[in-house]
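One structure is given below, encoded as structure tokens.
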Amino acid sequence: MTQNKVTVLVPGRIHPRVISRLQEQFDVVTVADQKGDLALDDATREKVRGVALSGKLQAEWVEKLPNLQIISNFGVGYDGVDTKQAAARGIIVTHTPNVLNDEVADTAIGLLLNTIRRLPVAEDWLRSGRWAAEGPFALSPLSLKGRSVGILGLGRIGLEIAQRLEPFKVKIGYHTRTQRSDVSYTYFSSLKAMAEEVDTLISIIPGTAETHKIINAEILSALGPNGVFINVGRGTSVDEATLEAALRNGTIAAAGLDVFYTEPTKAGGFLDLDNISMLPHVASASVPTRNAMADLVVDNLIGWFDDKKVLTPVPETPVKA
Ligand code: GLV
């Protein structure tokens, strides 16, 4: 159908498939930088009715878009959007859940093994010629065998992680605000209680005010000297200076991070540590999964402007029937 072309703003970088599909039926306006002032003239600002977003959308920009109806976020986590502001303005926010569950859960398991068995460091040993020159790579001090894993956040992805852990024969527990009635994993009513009980903590929680720096000194001490901390949720839930100290002084044994407090980062404080495995926020970053996420970003916008229906709204901005 021929649309009276709606204008969609793309601030900063986004998956190219989002842009190419949007261009098939929208007027796409891009601004290069997500920081600073919104570099759009008044007439264009007034035309913008949708935003396709990867990363952060400044609240001041939303204020300057009087006719904005929908923010379609690339990613299941939507901490780059002020949902209170959106809800107050009646702006719908959508995200990309489910299509990335398997990919992120797979990466979580990979990162767990990389961290515990130091596999990337071992590969480096071979690639740099040290195996041939110096002999076998050092035995990993840690093993996954016999571990007790606590998952912080048993939502859609957390559940996939738990199910993937079952064949590893580890003990599996979880902490969420509300106990799930559909799983038999051990429930802990607090993060602290779980950290005291388990030796491996996997965090898959969103970045919100409530989760800000909740992985702190108390939790890391409770996890203990055999403890392994894995984060595939959001870096803002970790007090990174405290984590760095905990890795240096043996408060915990090792950590694996796919996410950081500030991104992108050079991870300066962690670089010289040999008991951390780090990835540059790639948990969902395969071509097929990112394509599916890109399609969902676009399909939410098309659904809204064709039919006032979206596929995956966030709970803070429900679409009234
Ligand atoms: C990735 O971190 C996402 O939120 O999808």
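Only the coordinates and a few stated rules stand behind these numbers; no lab work does. These figures come from a predicted structure and were not determined experimentally. FYI the Cβ positions are ideal-geometry reconstructions off the backbone, even for glycines, and counts take in every protein chain you see.
For the range 81-106, which positions are near the ligand (Cβ under 9 Å from one of its atoms) and not in a helix (DSSP H, G or I)?
The answer is HIS95, THR96, PRO97, LEU100.
Determine, yes or no, whether ARG45 is of a type outside the set (Val, Ile, Thr), under 17 Å from THR94 (Cα atoms), away from the ligand (no atom under 16 Å from the Cβ) and outside any loop (DSSP other than H, G, I, E, B).
Spelling it out, it is not the case that ARG45 is of a type outside the set (Val, Ile, Thr), under 17 Å from THR94 (Cα atoms), away from the ligand (no atom under 16 Å from the Cβ) and outside any loop (DSSP other than H, G, I, E, B).
Can you pull out every residue in the range 121-150 that is in contact with a Leu (Cβ under 9 Å, 6 or more places away or on another chain) and farther than 25 Å from PHE188 by Cα?
ALA132, PHE137, SER140, listed by residue number.
Evaluate the following for THR251: is it in contact with a helix residue (DSSP H, G or I) (Cβ under 9 Å, 6 or more places away or on another chain), farther than 18 Å from GLY153 by Cα, within 16 Å of the ligand (Cβ to nearest atom) and not acidic (Asp, Glu)?
no
Which of the following residues is crowded, with 22+ Cβ neighbours inside 10 Å, closer than 28 Å to GLU103 by Cβ, within 16 Å of the ligand (Cβ to nearest atom) and under 21 Å from the mean Cα position of the chain (by Cα): ILE215, ILE219, ILE230?
Going through ILE215, ILE219, ILE230 in turn, just one is crowded, with 22+ Cβ neighbours inside 10 Å, closer than 28 Å to GLU103 by Cβ, within 16 Å of the ligand (Cβ to nearest atom) and under 21 Å from the mean Cα position of the chain (by Cα): ILE230.
Could you figure out which of (1) at negative phi; (2) within 12 Å of the ligand (Cβ to nearest atom) isn't true of ASN291?
(2)
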